Amino acid sequence: MTHTARNGAAERSGAGNQPAIGDVLRDAVEKSGLTWYQLSQETGLLTATLYKWRDGGDLSQRALETLAEYFGLALRPAPKKRSKRKGR
């Protein structure tokens, strides 16, 4: 999986109207009613990591997986792009 959450958006897998994982996670955080500090305590992620993401930074793969698991969300790997080889 190669998802990054930057500015509330993650790489899109080309699945049409599928929301970005960053958007889904932000929505889950908002609906949870938890503060960023509480979320940090619940997930074991550093508050600095969460604040950085809140302010538009990237989340590591591990942080994405941790948040997705905490909120009961499934991450699916992006489909592999087929290489276009000429002459075959």
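What the table below lists for this structure:
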| quantity | calculated |
| --- | --- |
| Matching residues in segment 35-83 - criterion: being exposed (fewer than 12 other Cβ atoms within 10 Å of the Cβ) and under 15 Å from the mean Cα position of the chain (by Cα) | Asp55, Gly56, Arg62, Gly72, Ala74, Arg76, Pro77 |
| Number of positions in segment 22-34 that are acidic (Asp, Glu) and surrounded by 13 or more Cβ atoms within 10 Å (Cβ to Cβ) | 2 |
| Residue within segment 69-81 that is assigned to a helix (DSSP H, G or I), modelled with pLDDT of 90 or more and not β-branched (Val, Ile, Thr) present | yes |
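The values are calculated or read from the model by the stated rules, or taken from the named source; none is laboratory data. Only a predicted model underlies this, so the values are computations on that prediction, with no experimental measurement involved. Heads up, the Cβs are rebuilt from the backbone with ideal geometry, glycines too, and the neighbour counts pull from every protein chain shown.
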